[in-house]
Amino acid sequence: MKVCGFTIIRNAVKLDYPIVEAISSILPVCDEVIVAMGKSDDQTRDLITSIATNKIRILDTVWDDSLREGGKTLAVETDKAFQAIPSDADWCFYIQADEVLPEKYHATVLDAMRKHLHDTRIDGLLFNYLHFYGSYDYIGSSWSWYRREIRIIRNNKSFFSYKDAQGFRKKPNEKLLVKHIDAYIYHYGWVRNPRAMKHKQIEFGKLYNTDEWLEAHVEKADEFDYGQIDSLEKFEGVHPRVMEDRIKRLNWKFDHDLSKNRLSVRERLKRFLSMLVGRRVGEYKNYKLI
């Protein structure tokens, strides 16, 4: 069984992406990792080449910044990385630049890939998610955060990155058939110094909206306001080892009063209905479970 990881990145230093941690977290379960590196204005290449491994292959790319609708650029770049995966790979492990696979799930992931290797009905493996917010101490608890997503797919070049690269589909536009596994991806996209988070919000917004829209809708401030969140929970677990140094460098403080969580009326209704029917009502699912 051969496993090839793939990811995309651009301006990782400027936007403070934990890309080194992301890649390092999947290296133990991959034979190779393709990094589609967009032309950057910082030391992103030095960051990637600093990772002590011979498993990484850099694919230089140029992002099309004219694709400013729905984050399409992210899917285009993800497809470039996926298409570069060699034909002899069986499974392909996609990791985004702000995601980490905790080491305690390495064995679970490897076992699942081996177990389902020859079951051709299965297009991919579905992971659980924790979304950290504000600091490394809190996770999003409202249902606006996606609960699960596909991160391992077969090396089938009819598969493609869907919408803004959150998940995958297969041509012409069918949902993948997946097996849910008991493993988590930790998402750190909303954990940054408030100034860095504001800068990232503006740059990321350019992948989805016009300058006019951003001018009208993005708040004029030097720092991102983490206090606008609706609902959080305290994280009681342990962070992956690859995140230890980054967490030690934490240079801001974020505290959230859990008693002031404010779920929308719509979500409260969904939760009530879900309790009655025994399943989550209205959940976004870009996949079909086997």
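Look at where the Cα atoms of the range 153-169 and of the range 198-238 average out, and the two centres are 26 Å apart.
A straight Cα-to-Cα reach below 14 Å connects residue 285 with the aspartates and glutamates 149, 174, residues fewer than 8 places away in its own chain not being considered.
Full extension of the segment from residue 118 to residue 235, taken as 0.36 nm per residue of separation minus the current Cα-Cα distance, would add 38.4 nm. Stretched out straight at 0.36 nm per residue, the stretch from residue 279 to residue 221 would grow longer than its current Cα-Cα span by 16.8 nm.
Where only DSSP H runs of four or more residues are counted, the chain gives -7000 deg cm²/dmol as its mean residue ellipticity at 222 nm, each run worth -39500 (n - 2.57). Would you please give the FRET efficiency between residue 104 and residue 288, computed as 1/(1 + (r/R0)^6) with r the Cβ-Cβ distance and R0 = 30 Å, to the nearest 0.05? After rounding to 0.05, the efficiency reads 0.60. Extending 7 Å from Cα along the Cβ direction at residue 31 and again at residue 88 yields two label points whose distance is 0.6 nm.
Computed over neighbours whose Cβ is under 12 Å from that of residue 141, the net charge equals +1, Lys and Arg +1, Asp and Glu -1.
The equivalent ellipsoid of the range 233-290 has semi-axes of 33, 20, 10 Å, largest first, where each one is the square root of 5 times an eigenvalue of the Cα gyration tensor. For the range 176-191, 3J(HN,Hα) computed residue by residue from phi via the Karplus equation (6.51, -1.76, 1.60; θ = phi - 60°) reads 6, 8, 10, 10, 7, 10, 8, 8, 10, 9, 9, 9, 10, x, 10, 10 Hz, glycine and proline entered as x.
The order of 3, 62, going from fewest to most other C-beta atoms within 10 Å of their C-beta, is 62, 3. What range in the chain is the longest one free of GluC sites (Glu not before Pro) that are in a loop by DSSP and have at most 16 other Cβ atoms within 10 angstrom? Segment 70-218 is the longest.
Beta bridges per DSSP, both residues in the chain: antiparallel share near 45 percent.
For the pair the range 1-15 and the range 119-148, the centres of their Cα atoms are 19 angstrom apart. One decimal place: the segment residue 203-residue 2 gains 68.8 nm when fully extended, by the rule 0.36 nm per residue minus the C-alpha distance.
Throughout, read-outs are computed from the coordinates displayed, never taken from laboratory work. Just so it is clear, the model here is predicted, and its values are computed rather than measured. With ideal geometry, Cβ positions are generated from the backbone for all residues, glycine too; neighbour counts draw on all protein chains shown.
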